[in-house]
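Below is one structure, written out as structure tokens; comments come after it.
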Amino acid sequence: MKGRAGARGGFALITVIWGVAIIALLVVSFMTTARLQLQGAFNLAGATKADYIAEAAIGAAFMTLMAERESTTVSPGQSTRHDGSPKLCALDGAAVVVALEDESGKIDLNGGADKTFSKLFVGLGVDRREADAIAAAIVFFRQPPQEGIAADLGGGTRPFPPKHALFQSVLELDQVEGMTPQLFAAALPFLTVHSRRPDVDRNSAPPALFAALAGYPPQQVEALRLHPYPNNLDRNDPKYPREFNQRGGRTAALAHVETMLPSGQTSVREAVFDLNDGRGPAFALKERRRGVVRYLDDLRRAIASGVGMSDC
């Protein structure tokens with residue numbers, strides 16, 4: 001009898017132990033789920049705050065451009081040129097980078113010549129023959145269809161034929177025959193659809209674009225693309241083609257903004273404003289989009305150092 005009672009007692013003890021283990025597992029699972037949900041909510045709130053701060057910085061950048069526009073209306077030709085050099089500042093506890101770019105310092109997809117595009121692609125490391133082919137495809141993409149001319153280049157790899165109309169956004173570049181994702185990402189900062197010019201202003205051209213058009217070695221162009229500032233470029237370098245000198249004033253500008261909170265959440269926003277150069281309405285918002293991070297290391301250093309930054 002004692003043996004049976006002992007067996008029943010041992011079984012009961014094992015049952016209790018298993019029950020406690022199951023309850024503990026449920027508690028741990030509940031706590032883990034709750035912690036993940038809390039972390040997700042925290043990350044979402046931080047990302048939303050970073051987005052709102054980026055939008056506020058976009059607004060501040062726009063006010064800067066408008067102030068410059070008003071001041072240069074009185075004194076034509078005295079406008080400040082922006083080539084994308086970054087300004088680090090603080091806004092509502094976040095580290096912020098603001099970079100202003102004159103669209104006149106970029107190659108217009110609707111106005112640039114094929115040789116201009118080819119120079120850019122060669123500077124980015126593309127073989128000359130391939131660069132010429134992609135440049136020709138860009139021009140062909142935007143040209144209206146003509147009777148007696150084939151509707152496409154033939155043998156294409158894109159699911160759709162060329163648009164045969166003007167580019168509405170630089171993001172349409174990835175539809176051009178021969179354009180790879182890597183080349184698309186590398187070339188995007190140097191292209192626009194808002195300058196409405198065949199030329200490129202030497203003073204506001206991004207450093208890597210200036211170097212590419214001036215015929216610098218691809219290694220130097222790549223170094224300037226990855227780390228454009230600071231640099232020792234001579235904007236009066238005679239190797240920069242004379243035909244690329246800008247004629248006329250600013251027509252549009254892009255504001256590139258990156259933000260980082262102390263908790264690590266980031267946001268990248270871009271907006272293109274048509275400033276009309278003192279003619280017509282004060283401005284027009286042409287594009288608003290998410291951007292690609294460029295200054296992540298600068299933001300991290302600013303957050304880590306804790307050194308006070310000026311307000312945006």
Handout entry: Test for residue 48: is it closer than 30 Å to residue 267 by Cβ, modelled with pLDDT of 70 or more and either not small (Gly, Ala, Ser) or not in a helix (DSSP H, G or I) (or both)
Key = yes
Practice task
Sort out which residues of the stretch 56-67 are at pLDDT below 90 and either out of contact with any strand residue (DSSP E or B) (no Cβ under 9 Å at 6 or more places or on another chain) or under 11 Å from residue 312 (Cα atoms) (or both), and write them in order of number.
Solution key: 63, 64, 67
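Let's see how each residue does on (1) within 23 Å of residue 171 (Cα to Cα); (2) part of a helix (DSSP H, G or I); (3) free of Cβ contacts under 8 Å to residues at least 12 places away in the same chain:
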residue	(1), (2), (3)
210	yes, yes, no
223	no, yes, yes
229	no, no, no
237	no, no, no
271	yes, no, no
Handout entry: Pairs where the first residue, in the stretch 94-120, is free of Cβ contacts under 8 Å to residues at least 24 places away in the same chain and the second is of a type in the set (Asp, Glu), C-beta under 8 Å, 6+ apart
Key = 118/132
Problem - Top-ranked residue of the stretch 136-148 - restricted to ones that are surrounded by 10 or more Cβ atoms within 10 Å (Cβ to Cβ) and part of a loop (DSSP other than H, G, I, E, B), ranked as modelled with the highest pLDDT - result: 143
Practice task
Among the residues of the stretch 283-308, write down those that are of a type in the set (A, V, I, L, M, F, W, C), outside any helix (DSSP H, G or I) and in contact (Cβ under 8 Å) with a residue 12 or more places away in the chain.
Solution key: 283, 285, 292, 293
Practice task
Could you please find all residues in the stretch 285-312 being over 23 Å from the mean Cα position of the chain (by Cα) and either surrounded by 15 or more Cβ atoms within 10 Å (Cβ to Cβ) or among the aliphatic types (A, V, I, L, M) (or both)?
Solution key: 304, 307, 309
Handout entry: Pick from the stretch 215-249, criterion at pLDDT 90 or above and of a type in the set (S, T, N, Q), ranking: farthest from the chain's Cα centre (by Cα)
Key = 236
Exercise for the section: Please state which of the following conditions residue 99 fails to meet, knowing it meets all the rest: (1) at pLDDT below 90; (2) buried (at least 22 other Cβ atoms within 10 Å of the Cβ). Expected result: (1)
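The values are calculated or read from the model by the stated rules, or taken from the named source; none is laboratory data. Note that the coordinates shown come from a computational prediction; the quantities given were computed from them, not determined experimentally. When we count neighbours, we look across all protein chains shown, and the Cβ atoms used for this are built from the backbone with ideal geometry, even at glycine.
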